[in-house]
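Participant: Next up is a structure, given as structure tokens.
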Amino acid sequence: MSQDQLIKNCKKKQPKAQADLYKRYASVLFSVCLKYAPNYTEAEDILQDAFITIFDKITQYKNKGSFEGWLKRVVINTALQRYRKPGVYSLVNEENIKEVEVEVEEDAIPLDYLLSIIQELPDRYRMVFNLYVMDGYSHREISELLTISQGTSKSNLARARMILKEKIETSLHSLQSKSHL
């Protein structure tokens with residue numbers, strides 16, 4: 001079944017089409033969920049909630065732009081809604097923000113490890129980090145999505161990078177000391 005036909009059938013709420021859509025896109029969308037969730041179980045919950053929203057709002061997709069892009073946007077918004085609570089995002093004085101650069105050889109750190117340390121970040125840092133670094137949102141867009149100031153977005157990104165840098169350096173240091181044994 002073509003993608004266009006699949007979308008039409010999903011708009012008609014046909015269960016077989018919905019199952020096919022799930023099978024076709026679940027793994028791609030689950031990887032997006034993993035970026036925003038603190039663990040595997042939360043990612044599964046986000047995926048489930050996202051598909052409920054997708055099936056409910058698929059009539060809003062007007063065949064403009066990438067369908068997969070639209071699906072990813074629904075997943076990201078679903079993930080963000082879980083973490084939009086008062087107090088999740090803290091205000092910080094922007095003058096205390098330092099840019100943190102992390103330089104690591106491309107193959108030095110396993111991808112699974114990087115994903116796990118990103119998932120360990122506090123919610124506010126993980127959300128901003130993923131939106132900015134992984135998904136290419138601007139601080140203005142992040143501030144609108146998360147209802148925070150641009151300064152808070154920048155400070156949360158800087159703190160996320162600092163935490164990740166410390167964890168990566170610690171990991172590299174322990175790998176190097178093991179290789180010298």
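Participant: Considering only the range 30-37, I want to know if a residue exists there that is of a type in the set (Gly, Ala, Ser), outside any helix (DSSP H, G or I) and in contact (Cβ under 8 Å) with a residue 12 or more places away in the chain.
Facilitator: Yes, the range 30-37 has at least one match.
Participant: Then there's this: When you scan the range 7-14, do you find a residue that is touching a helix residue (DSSP H, G or I) at 6+ places or on another chain (Cβ under 9 Å), touching a residue at least 24 places away in the same chain (Cβ under 8 Å), in a helix (DSSP H, G or I) and open to solvent by less than 30 Å² (accessible area, probe 1.4 Å), even just one?
Facilitator: yes
Participant: Within the range 53-73, identify whether any single residue is more than 22 Å from Arg126 (Cβ to Cβ) and among the aliphatic types (A, V, I, L, M), and answer yes or no.
Facilitator: The answer is yes; a qualifying residue exists.
The values are calculated or read from the model by the stated rules, or taken from the named source; none is laboratory data. Here the structure is a predicted model, which means the values were calculated and not measured. As a convention, Cβ positions derive from the backbone with ideal geometry for all residues, glycine included, and neighbour counts pool all protein chains shown. Note: accessible area is taken over every heavy atom of the protein model, side chains too, but ligands, DNA and RNA are not part of it. Shrake-Rupley method; radii C 1.70, N 1.55, O 1.52, S 1.80 Å.
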